[in-house]
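Just below is one structure, and these are the notes that go with it.
Derivation of every value follows stated rules applied to the coordinates shown; laboratory data play no part. All values reported here derive from a predicted model rather than from experimental measurement. Every residue, glycine as well, gets a Cβ built from its backbone with ideal geometry; the counts of neighbours run over all protein chains shown.
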């Protein structure tokens, strides 16, 4: 597809953040102006991130500080989707959450009971405040056979200084130590994120476009869920390593700014 065809056929843009709109705290080129132009064209913008180390409120604060956020925009993360799943399918269950303190506060504030002693199930989020004691306790509960959810599968998190280990790396660590892998992964590319987004924003997937820098999450998310895709080469994926994946985007651009006519 051409960018003109993408713009004509998509009403809602699902925008990845790290590696797509910014690296660390630095916008990628004229991303702020690009987002404003898309809004002026009548497009709905939803910041759709797998990164569960931040809460919605923290993302709103960061995006506002950078100059990206507009009150017409939406924010939806793998953590938010996980909260929705827990409330719908495990209401009243006690959860051991491996995550940041702010994320723990958000889960508790939305009525999810957190328990570090005798949980009913385990949730692995991207914890940038990780300690060995947290790892040890999570592993202990894994060995007891507790149901095990992960917010997303990303191996690394791109930053302006290079990539950091993300939750996919934690998943491999626990697979080696406990022999277990998640019973369910919530975030991109899995269908729950698409189902919840469609439900919340009322836009059919055929009129959505996912924009991101990762083949195995952003592009696979679109391919699996009937959503158009734009791959940007400003983050993890390069023209060379994209050949290692079976997924194919509808459009490849050097960065988000090249989507404008």
Counted neighbours (other Cβ, 10 Å), sorted fewest up, put 164, 242 in the order 164, 242
Using 0.36 nm per residue, how much length does the chain from residue 66 to residue 248 gain when fully extended, once their Cα-Cα distance is taken away? 62.4 nm
Rg/Rh (Cα only; Kirkwood hydrodynamic radius) as it applies to the chain: 0.97
Size of region 91-185 along its principal axes in angstrom, Cα-based, largest extent first? 40, 31, 24
For the chain, calculate the relative contact order in percent as a whole number, restricting contacts to Cα pairs under 8 Å that are 6 or more residues apart. 22
Please build a GNM for the chain, connecting alpha carbons under 10 Å apart, and tell me which residue among 167, 112, 200 fluctuates the most. 200
Taking the chain as a Gaussian network, where each spring joins two C-alpha atoms under 10 Å apart, which residue of 223, 244, 51 fluctuates the most? 244
Provide 157, 209 in ascending order of the number of other Cβ atoms located within 10 Å of each residue's Cβ, fewest first. 157, 209
Taking only Cα atoms, what is the 0 to 90° angle, nearest 10, from helix 31-40's long axis to the longest principal axis of the chain? 70
Using alpha-carbon coordinates, inclination of helix 56-66 to the longest axis of the chain, degrees: 40
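Students often check this: by mean Cβ neighbours within 10 Å, which of 64-75, 119-130 ranks highest, and how do the rest follow?
By packing density, highest mean first, the sequence is 119-130, 64-75.
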Extension gain, residue 108 back to residue 199 (0.36 nm per residue minus Cα-Cα distance, nm): 30.4 nm
